[in-house]
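**Q** Before anything else, here's the structure in question.
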Amino acid sequence: MNSDQAAVFIIISIAFAFFIWGRWRYDLVAMMALLTSVIAGVVPWSQAFSGFAHPAVITVAAVLIISRCFLESDLIEFIFRRISKSNRSVNDQALSLTGLVALLSGFMNNVGALALLMPVSIRISRSGGSSPSLYLMTLAFGSLLGGLTTLIGTPPNIIISTFRADNLGQPFTMFDFTPVGLGVAFVGLVFISLIGWRLTPIRRGQASREEEFEVENYYTEVRIPKGSTVLGKSINELLSAAGSDIEPLGLWRENQCLPGPNGSEVLLPDDILIIRTNVDDLDKFLKSAKLELVGSKEIGAIQSDKIGLTEVVVMNNSLLAGRSASSISMRGHYGVNLIAAAGRDSKSPKRLSRIIFHPGDVLLLQGSADSLSGIAELLGCLPLAERDLKLGQAKNMIMPLVVFALAIVVSALGLLSVEVAFVGAATVMVLMGILSLQEAYESIDWSIIVLLGAMIPVSQALESSGGAELLAGNLLQVFGQSPAAVILTVLLVWTMILTNVVNNAAAAVLMAPIAYDTALVIGASPDPFLMTIAIGASCAFLTPIGHQSNTLVMGPGGYKFGDYWHMGLPLSIIVTAVTIPLILWFWPLF
């Protein structure tokens, strides 16, 4: 191992550690890895930002813009409404929902497809009297499986395609991923719809009702007003008299948190009691004890004719991610109040306004009934209420499909490269008014763009320094006497493990050169090895942090970190068993 190889290994290992730790977001970690690589001399300074001009980065940005057009499509919303009206069994609903999200995920961003179907799934669970946890995890996994079927279905496929173009002169085409991806997706969807959903733990979750919100484990705070009838009573007496399911977490007095809280603590004017409860019990609690809801626009009331209440999920690219309500002045700048929160940071008795939001957290926001939905979109949050249809705008239903179909045809025929075809499609959609320029920029997940742009030069350094070849040689020292199917299985399993703890795009970027050099060392075609990495990087079924889809359903489904193993582990085993034979069949080794 030479000095350059050692430096690359150390930088990548530290980056992995930071990815897993999660203290800093993955795009910041990737940028630190890039800058460190430049300082260490393993990435030439003239190539430091060449990754941002890489075709994979451009294609991902274009696909995200096109996906936003489908998010606004009335045709898709009409299909969703038809599905939500059916009154079939959980088994049939799981098949319909996962099948549709898989189909959409093959041709649009899988997170966008999931965002469209999440409110519908919650409504179906509500109308059928079942838990949303039965549907949401199957929906997330279905979106991952659907992304396997086409070039644009998921960023790892785009990354692997452009890696092949860089090293073999030709990229994978639009439907090169379909034979293997479709087979894997089909078997996975059959398992999910027949057996998988039964393995999902039943959680109460954060499901919404017609006008109120039935939320478990919400974290909120109430104030003891002057002149209140509960003054002089203890916390235990207050909770006992309220007769509601309220869990006290802390008591703030004069900007200081009292330890405990001690149930015998006597309540004083302006004390702030931090509690965990659901909104039904919170409303009863406020009315019975005549308390004030901290931050509410209407004292003692949650909602009224003019004041609305909405439940939202923090998306990965939300303005709230990594920040608190006070740091962004949520009330002053956006005109909404944070009433309650349920998520990763809502477990300690800190003030509600100081809670740090994370993707997947569920928030209860209060504001003007007329503007709440727009504010939620501005903040980058996904409302958990059913979207209203906007029928009658024919151009919104047809034109995105026409432009998108033309882009697919010209790229599939080789008339234009994929990145040019889809950038052209996105540009045409903006020029035709299907999407405004501002909406186009807002639709791009810039954290993914930065991640790819920063990690591509690091990956190239891994290859140019000989580090990838060294790792491939070590792999073959252990498995060199084994059949090629065993080597492919090892690469697949290792990639699947990586993608469950780091971003899937990062897993693809770093594993592609290792798989490519392994193929060269044994004299095999690189195609089956690269296809293996593409499949493995998109199969994050074991943790909520491996993919944005898994993160988004965690709060609404009420899942715990370990819940994903229940269905995810057998699904991962099935995917492994199906993938290797399909790859060897459609992509011969020699």
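The values are calculated or read from the model by the stated rules, or taken from the named source; none is laboratory data. Remember, predicted model here, so these are calculated numbers, not experimental data. In this analysis, Cβ positions are derived from the backbone assuming ideal geometry, glycine residues included, and neighbour counts consider all displayed protein chains. Remember, those area values only see protein heavy atoms, side chains included, never the ligands or the DNA or RNA. Shrake-Rupley method; radii C 1.70, N 1.55, O 1.52, S 1.80 Å.
**Q** Assess whether THR495 counts as being out of contact with any Phe, Trp or Tyr (no Cβ under 9 Å at 6 or more places or on another chain), open to solvent by less than 20 Å² (accessible area, probe 1.4 Å) and without any contact (Cβ under 8 Å) to a residue 60 or more places away in the chain.
**A** Criteria met by THR495.
**Q** Going by the conditions given, is LEU75 within 27 Å of ILE152 (Cα to Cα), open to solvent by 50 Å² or more (accessible area, probe 1.4 Å), modelled with pLDDT under 80 and in contact with a helix residue (DSSP H, G or I) (Cβ under 6 Å, 6 or more places away or on another chain)?
**A** yes
**Q** Quick one: which of LEU145, LEU168 is touching a residue at least 24 places away in the same chain (Cβ under 8 Å), open to solvent by less than 10 Å² (accessible area, probe 1.4 Å) and either out of contact with any strand residue (DSSP E or B) (no Cβ under 7 Å at 6 or more places or on another chain) or aromatic (Phe, Trp, Tyr) (or both)?
**A** Among LEU145, LEU168, only LEU145 is touching a residue at least 24 places away in the same chain (Cβ under 8 Å), open to solvent by less than 10 Å² (accessible area, probe 1.4 Å) and either out of contact with any strand residue (DSSP E or B) (no Cβ under 7 Å at 6 or more places or on another chain) or aromatic (Phe, Trp, Tyr) (or both).
**Q** Within region 435-448, can you find the residues that are among the aliphatic types (A, V, I, L, M) and surrounded by 20 or more Cβ atoms within 10 Å (Cβ to Cβ)?
**A** Filtering region 435-448 down to residues among the aliphatic types (A, V, I, L, M) leaves 435, 437, 440, 444, 448.
Those that are among the aliphatic types (A, V, I, L, M) and surrounded by 20 or more Cβ atoms within 10 Å (Cβ to Cβ): LEU435, ALA440, ILE448.
**Q** While we're here: Return the total of residues in region 555-582 being under 18 Å from ILE20 (Cα atoms) and either among the aliphatic types (A, V, I, L, M) or assigned to a loop (DSSP other than H, G, I, E, B) (or both).
**A** 1
**Q** Restricting the search to region 525-558, which residues are of a type in the set (A, V, I, L, M) and open to solvent by 10 Å² or more (accessible area, probe 1.4 Å)?
**A** Across region 525-558, the qualifying residues are LEU542, ILE545, MET554.
**Q** In region 454-474, what residues are under 19 Å from PHE49 (Cβ atoms) and out of contact with any Asp or Glu (no Cβ under 9 Å at 6 or more places or on another chain)?
**A** Hits for region 454-474 are MET455, ILE456, PRO457, VAL458, SER459, LEU462.
**Q** Quick check on LEU363: is it surrounded by 15 or more Cβ atoms within 10 Å (Cβ to Cβ), in contact with a Cys (Cβ under 8 Å, 6 or more places away or on another chain) and at pLDDT 85 or above?
**A** yes
**Q** Since TYR516 meets every condition but one in (1) outside any loop (DSSP other than H, G, I, E, B); (2) under 17 Å from the mean Cα position of the chain (by Cα), which condition does it not meet?
**A** It fails just one condition, (2).
**Q** Just one of the numbered conditions (1) open to solvent by 10 Å² or more (accessible area, probe 1.4 Å); (2) farther than 25 Å from ALA468 by Cα; (3) of a type in the set (Phe, Trp, Tyr); (4) in a helix (DSSP H, G or I) is not true of PHE175; which one?
**A** Going through (1) open to solvent by 10 Å² or more (accessible area, probe 1.4 Å); (2) farther than 25 Å from ALA468 by Cα; (3) of a type in the set (Phe, Trp, Tyr); (4) in a helix (DSSP H, G or I) one by one, PHE175 breaks only (4).
**Q** Are there any pairs with C-beta distances below 6 angstrom linking a residue in region 172-189 that is among the β-branched types (Val, Ile, Thr) to a residue that is outside any helix (DSSP H, G or I), with the two at least 6 apart or on different chains, and if so which?
**A** That search, which allows pairs on different chains as well, returns THR178/THR149; VAL184/LEU148.
**Q** May I pose another question? Going through region 134-149 one residue at a time, which ones are among the polar types (S, T, N, Q) and part of a loop (DSSP other than H, G, I, E, B)?
**A** Our first condition is that a residue be among the polar types (S, T, N, Q); within region 134-149, this holds for 138, 143, 149.
Within region 134-149, just THR149 meets the criteria.
**Q** Between residues in region 525-541 that are more than 17 Å from LEU569 (Cβ to Cβ) and touching a residue at least 12 places away in the same chain (Cβ under 8 Å) and residues that are hydroxyl-bearing (Ser, Thr, Tyr) and open to solvent by 10 Å² or more (accessible area, probe 1.4 Å), which pairs lie under 6 Å by C-beta distance while being six or more apart or on different chains?
**A** The qualifying pairs are PRO526/TYR516.
**Q** Which is part of a helix (DSSP H, G or I), at pLDDT 80 or above and not acidic (Asp, Glu), of ALA321, ALA376, ALA341, ALA325?
**A** Being part of a helix (DSSP H, G or I), at pLDDT 80 or above and not acidic (Asp, Glu) holds for just one of ALA321, ALA376, ALA341, ALA325, which is ALA376.
**Q** Which residue out of ALA485, ALA524 is outside any helix (DSSP H, G or I) and modelled with pLDDT of 90 or more?
**A** The unique qualifying residue is ALA524.
**Q** A further question on this structure: May I ask you to say which residue of MET397, MET432 is at pLDDT below 85, open to solvent by 20 Å² or more (accessible area, probe 1.4 Å) and out of contact with any His (no Cβ under 8 Å at 6 or more places or on another chain)? First the steps, then the outcome.
**A** Values: MET432 fails: at pLDDT below 85.
Within the list MET397, MET432, the selection yields MET397.
**Q** (1) closer than 20 Å to PRO179 by Cβ; (2) part of a helix (DSSP H, G or I): which one isn't true of LEU552, the others all being true?
**A** With (1) closer than 20 Å to PRO179 by Cβ; (2) part of a helix (DSSP H, G or I) applied to LEU552, the lone miss is (1).
**Q** With the requirement that a residue be of a type in the set (A, V, I, L, M) and in a helix (DSSP H, G or I), what does region 150-172 give you?
**A** Those that are of a type in the set (A, V, I, L, M) and in a helix (DSSP H, G or I): ILE158, ILE159, ILE160, ALA165, LEU168.
Let's see how each residue does on (1) within 28 Å of THR200 (Cα to Cα); (2) among the hydrophobic types (A, V, I, L, M, F, W, C):
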residue: GLN481; (1), (2): no, no
residue: VAL502; (1), (2): yes, yes
residue: ALA507; (1), (2): yes, yes
residue: THR551; (1), (2): yes, no
residue: TYR564; (1), (2): yes, no
residue: ILE574; (1), (2): yes, yes
residue: LEU589; (1), (2): no, yes
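For (1) open to solvent by 50 Å² or more (accessible area, probe 1.4 Å); (2) in a loop (DSSP other than H, G, I, E, B); (3) free of Cβ contacts under 8 Å to residues at least 40 places away in the same chain, each residue gets a yes or a no:
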| site | (1), (2), (3) |
| --- | --- |
| GLN5 | no, no, no |
| ILE10 | yes, no, yes |
| ILE14 | yes, no, yes |
| TRP24 | yes, yes, yes |
| MET32 | yes, no, yes |
| SER37 | no, no, no |
| VAL43 | no, yes, no |
| SER46 | yes, no, yes |
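**Q** Which number in (1) in a helix (DSSP H, G or I); (2) under 25 Å from the mean Cα position of the chain (by Cα); (3) not polar (S, T, N, Q) marks the one condition that GLY473 misses?
**A** (2)
**Q** Taking region 562-584 only, how many residues are open to solvent by 10 Å² or more (accessible area, probe 1.4 Å), of a type in the set (Phe, Trp, Tyr) and in contact with a helix residue (DSSP H, G or I) (Cβ under 8 Å, 6 or more places away or on another chain)?
**A** 0
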